[in-house]
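Novice: My questions will all concern the structure given below.
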Amino acid sequence: MTLKLFGHPFSSCLQKVLIPLYADEPEFEFAMLDGQHPENQAELARRWPIGKFPLLVDGDVAIPETTPIIEHLQARGAIGAHWIPDGEQGRRVRFLDRFFDLYVMTPLQKIVGDALRPEGERDGYGVAQARRTLDTAYDWLEANLDAPWAAGEGITLADCAAAPSLFYADWTHGIGGARPRLTAYRQRLLAYPPYARAVDEARPYRPFFPLGAPDRD
């Protein structure tokens, strides 16, 4: 059956799912969500009333949310079994997946989302709190990243979560020169060909970044 993936190339969440898809190259159809494809927006709303993306459609089954999508792809054999390994390493991978989603992606989205609010409705306290969370997460990662990839020698779901999280987080609240291991890890992720492809596909949309995309990466 044909896989159909709904999303937008500039979305960090879509990029997380694209990494294993581009790495293992199963056949899938991409459904672009923008003003020029209202039919895709309508289908997304019909299949997933919450309206969030990415959404994977596999035959008659609709799978929302990034980690369940990758889990589904692995279970059906569309991608390799190494993305979510078994045993102790698998538990580490799942923890780090949650870490990057909750403590890097969520606070960066708070900061970016606040910039889209009208001037009189912004949440300065919430943004300051989000920046503190990012600093704490950066420091923890600096102290705990001791291998080429997040959970060891091979790339996994944890790195799928890390790549777009750290990519956009550094634009939003800089990692800084005092965290060389984390900075080097981010650069390895950007150099990984499947993620580099996703980043390149998103380049035309950088003017959409409300804080102003830096002239790098």
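Novice: When the range 179-217 is examined, which residues are found to be charged (D, E, K, R), without any contact (Cβ under 8 Å) to a residue 60 or more places away in the chain and assigned to a helix (DSSP H, G or I)?
Specialist: R181, R186, R188, D200, R203
Novice: List, please: which pairs have Cβ atoms under 7 Å, are six or more places apart or on different chains, and start with a residue in the range 1-12 that is within 18 Å of A169 (Cα to Cα) and end with one that is surrounded by fewer than 19 Cβ atoms within 10 Å (Cβ to Cβ)?
Specialist: The qualifying pairs are P9/E201; P9/Y205; F10/Y205; F10/F208.
Novice: What number of residues in the range 65-116 are in the same structural domain as S12 (by TED's automatic domain parsing), within 14 Å of the chain's Cα centre (by Cα) and not hydroxyl-bearing (S, T, Y)?
Specialist: 4
The values are calculated or read from the model by the stated rules, or taken from the named source; none is laboratory data. Everything quoted here is computed from the prediction, not taken from an experiment. Don't worry about glycine lacking a Cβ; one is built from the backbone with ideal geometry, like all the others, and counts go over all protein chains shown.
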